[in-house]
Amino acid sequence: MKHKISAKKLSDVLFEISKEKSLLDEVNKSMIEFNKVLKINRNLRRFMQSKRYSRDEKFSVLRETFGSSINEVVLAVSSYVGGVKANSIIDQIRKNFIEKYKNEKNIVSVHATLSSAISDKDIIAMQKQLSQNLKKEADLTVEIDRSLIGGAKFRIENKFLDASIKSQLKNIKLDLMKI
């Protein structure tokens, strides 16, 4: 039997149940963890795609396998999907849930690409400053790219800011070529 409930609707249900039961943080962590395991474990991916098992059988096996390390609500929603696209549907549920979670918790994703490594203390200070400026809690990830020469690049959600020396040199070169 083919299910006609979309990943968006399943993630909405997951979010609402989590919110009602005050489990948003726990379910968010469980979604991330379950997705990590799903990506690295071929047998789990095959099991999730299988149509041989009913939702109840899948849920039972998942609950026995993961125990309390993954929230039962996540396992229940994940056990609902099956077929060839099961893993991509679960990933889409995760993405939709995390988007709603971040919106609810007033969190913004920031990815910083720096030209050289900085201390953990400086990263924390940068995160605090970003949170103040953006008026949201900044979920900061940092990457080092020595080719930037100096400066930094930031991706804040879908906005890009490039204050790297590499970019400035490139712009100067383009301006000189116009002359």
note = Using alpha carbon centers only, region 139-179 is separated from region 1-78 by a whole-angstrom value of 39
ask   = Of all DSSP beta bridges located in the chain, what percent are antiparallel, nearest 5?
value = 60
note = Checking ASP12, ASP120, ASP25 against a Gaussian network model of the chain (alpha-carbon springs below 10 Å), the top fluctuating residue turns out to be ASP120
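Given the -39500 (n - 2.57) contribution per DSSP H run of 4+ residues, what per-residue ellipticity at 222 nm results for the chain, rounded to the nearest 500 deg cm²/dmol? Intermediate results must be reported in sequence, preceding the final value.
Details: 8 runs with 109 residues, N = 179.
That comes out to -19500 deg cm²/dmol.
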query = When the accessible area of region 110-179 is split by element with a 1.4 Å probe, what percent falls to carbon and sulfur?
reply = 56
note = Placing +1 on each Lys and Arg Cβ and -1 on each Asp and Glu Cβ in region 10-79, then taking the dipole about the Cα centre, the residue among ILE40, ALA76, THR65 whose Cα reaches farthest towards the positive end is ILE40
query = Quick one: if you take sqrt(5λ) for each eigenvalue of the C-alpha gyration tensor of region 131-179, what semi-axes come out, biggest first, whole angstrom?
reply = 28, 13, 8
note = The size of the Cβ-based charge dipole (Lys, Arg +1; Asp, Glu -1) of region 112-179 about the Cα centre, to the nearest 20 debye, is 280
Ranked packing of 86-94, 13-21, most packed first, by mean Cβ within 10 Å = 86-94, 13-21
query = Using alpha carbons only, how many degrees (0 to 90, rounded to 10) separate the axis of helix 55-66 from the longest principal axis of the chain?
reply = 60
query = Residues with beta-carbon under 13 Å from that of GLN168, excluding GLN168: net charge, scoring Lys, Arg +1 and Asp, Glu -1?
reply = +2
note = Heavy-atom accessible area of region 1-80 with neighbours in place, 1.4 angstrom probe: carbon+sulfur share in percent works out to 49
query = In Å², what does the accessible area per residue of the chain work out to with a 1.4 Å probe?
reply = 67
Principal axis box of region 38-179, alpha-carbon based, largest edge first, Å = 68, 35, 25
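The values are calculated or read from the model by the stated rules, or taken from the named source; none is laboratory data. All of these numbers come straight from a predicted model, not from anything done at the bench. All Cβ positions, glycine included, derive from the backbone under ideal geometry; neighbour counts span all protein chains shown. Surface areas here come from the heavy atoms of the whole protein model, side chains and all, with no ligands, DNA or RNA. Shrake-Rupley method; radii C 1.70, N 1.55, O 1.52, S 1.80 Å.
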